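The structure under discussion appears below in the form of structure tokens.
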Amino acid sequence: MTFSIIGRCQETGQLGIAISSSSIAVGARCPWVRAGVGAVATQNITLPALGPQILDALEHGQLPPAAALDRVLSANGWSEYRQVTVIDSQGQVALFTGKRALGVHNAVAGEHCVAAGNLLSSPAVIEAMLGAFEQASGHLAERLLAAMHAAMAAGGEAGPVHSAALKIAGELTWPLVDLRVDWIEHDPIAELDRLWQAYRPQMQDYVTRALDPTAAPSYGVAGDE
């Protein structure tokens, strides 16, 4: 049903998630990031509340990822249906897959990253994601997307995927990148990559517009001066 990778850029400290699913609007329920705190992917039979609760445990409870994950799973119950991965601002990770996860599933930690999936074509899909992320260079978004493309090349899900999302937090309280393909018949990861290529040249401009409106560039649209 879903595969994802969460990772940290060791140069910038940015935290991010890329995720894809056969379900509609995976980006609305599964990826959670918080600047300077961590990132969480909640999947399989998804409970969206797990994401912000784990991030709260990392931030306010000052717990390491494994302890934060255990505490929140225990408090909410039904953990046998959940698959969750966590990374904190230092690159420490935690992962969990319940015994009632769907189909072929796998979850593996790498260097400043962790990938997981269920209803996979094979467990090797997750290994391919980690290898691609660790070997890729450039912006964190590029590395996350490289992992997603590698997953598809390795077989992806057992069936077709229809939605995908990319979310990255930097130093600001809002996400630096928050792109979603909520539904497409074929290859949402390729569509997500096209969105990133369109957004990347404007990304810093939107930060400037927020922090200093007097320096905001114009894009020539109606009402934008």
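Given the residues LEU120, LEU63, LEU95, which is the only one that is hydrophobic (A, V, I, L, M, F, W, C) and either in contact with a Phe, Trp or Tyr (Cβ under 7 Å, 6 or more places away or on another chain) or farther than 22 Å from VAL37 by Cα (or both)? Steps first, answer last, please.
Values: LEU63 fails: either in contact with a Phe, Trp or Tyr (Cβ under 7 Å, 6 or more places away or on another chain) or farther than 22 Å from VAL37 by Cα (or both); LEU95 fails: either in contact with a Phe, Trp or Tyr (Cβ under 7 Å, 6 or more places away or on another chain) or farther than 22 Å from VAL37 by Cα (or both).
Exactly one of LEU120, LEU63, LEU95 is hydrophobic (A, V, I, L, M, F, W, C) and either in contact with a Phe, Trp or Tyr (Cβ under 7 Å, 6 or more places away or on another chain) or farther than 22 Å from VAL37 by Cα (or both), namely LEU120.
State the number of residues belonging to region 147-163 that are closer than 12 Å to ILE5 by Cβ and in contact (Cβ under 8 Å) with a residue 60 or more places away in the chain.
Step one: of region 147-163, the residues closer than 12 Å to ILE5 by Cβ are 147-151.
When the remaining residues are screened for being in contact (Cβ under 8 Å) with a residue 60 or more places away in the chain, the result is 147-148, 151.
Count: 3.
May I ask you to say which residue of LEU130, LEU73, LEU144 is open to solvent by less than 50 Å² (accessible area, probe 1.4 Å) and either without any contact (Cβ under 8 Å) to a residue 12 or more places away in the chain or closer than 27 Å to LEU172 by Cβ (or both)? Before you say what the answer is, go through the steps one by one.
Working: LEU130 fails: either without any contact (Cβ under 8 Å) to a residue 12 or more places away in the chain or closer than 27 Å to LEU172 by Cβ (or both); LEU73 fails: either without any contact (Cβ under 8 Å) to a residue 12 or more places away in the chain or closer than 27 Å to LEU172 by Cβ (or both).
Within the list LEU130, LEU73, LEU144, the selection yields LEU144.
Residue by residue, here is whether (1) free of Cβ contacts under 8 Å to residues at least 60 places away in the same chain; (2) touching a helix residue (DSSP H, G or I) at 6+ places or on another chain (Cβ under 6 Å); (3) buried (at least 23 other Cβ atoms within 10 Å of the Cβ) holds:
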| site | (1), (2), (3) |
| --- | --- |
| SER4 | no, no, yes |
| THR12 | no, no, no |
| VAL33 | no, no, yes |
| ALA39 | no, no, yes |
| ALA67 | yes, no, no |
| SER79 | yes, yes, no |
| ILE87 | no, no, yes |
| GLY91 | no, no, no |
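Of the residues in region 117-129, how many are closer than 12 Å to SER4 by Cβ and assigned to a helix (DSSP H, G or I)?
So the answer is 3.
Of all residues being of a type in the set (Phe, Trp, Tyr) and surrounded by fewer than 15 Cβ atoms within 10 Å (Cβ to Cβ) in region 173-202, which is nearest to ILE24 (Cα to Cα)? Just the residue, please.
Looking at residues that are of a type in the set (Phe, Trp, Tyr) and surrounded by fewer than 15 Cβ atoms within 10 Å (Cβ to Cβ), I get TRP183.
For region 56-116, list the strands (runs of 3 or more DSSP E) that sit wholly inside it and hold at least 1 residues that are farther than 27 Å from GLU142 by Cα and under 20 Å from the mean Cα position of the chain (by Cα); which are they? Spell out how you get there, then give the answer.
Numbers: elements: 82-88, 93-97, 106-110.
So the answer is 82-88.
GLY51 passes all but one of (1) modelled with pLDDT of 95 or more; (2) open to solvent by 10 Å² or more (accessible area, probe 1.4 Å); which number fails?
Going through the list (1) modelled with pLDDT of 95 or more; (2) open to solvent by 10 Å² or more (accessible area, probe 1.4 Å), GLY51 breaks only (2).
The values are calculated or read from the model by the stated rules, or taken from the named source; none is laboratory data. Since we're looking at a predicted model, the values are computed, not measured. Please note: Cβ atoms are built from the backbone with ideal geometry, for glycine as well, and neighbour counts cover all protein chains shown. All accessible areas refer to the heavy atoms of the entire protein, side chains included, with ligands and DNA or RNA removed. Shrake-Rupley method; radii C 1.70, N 1.55, O 1.52, S 1.80 Å.
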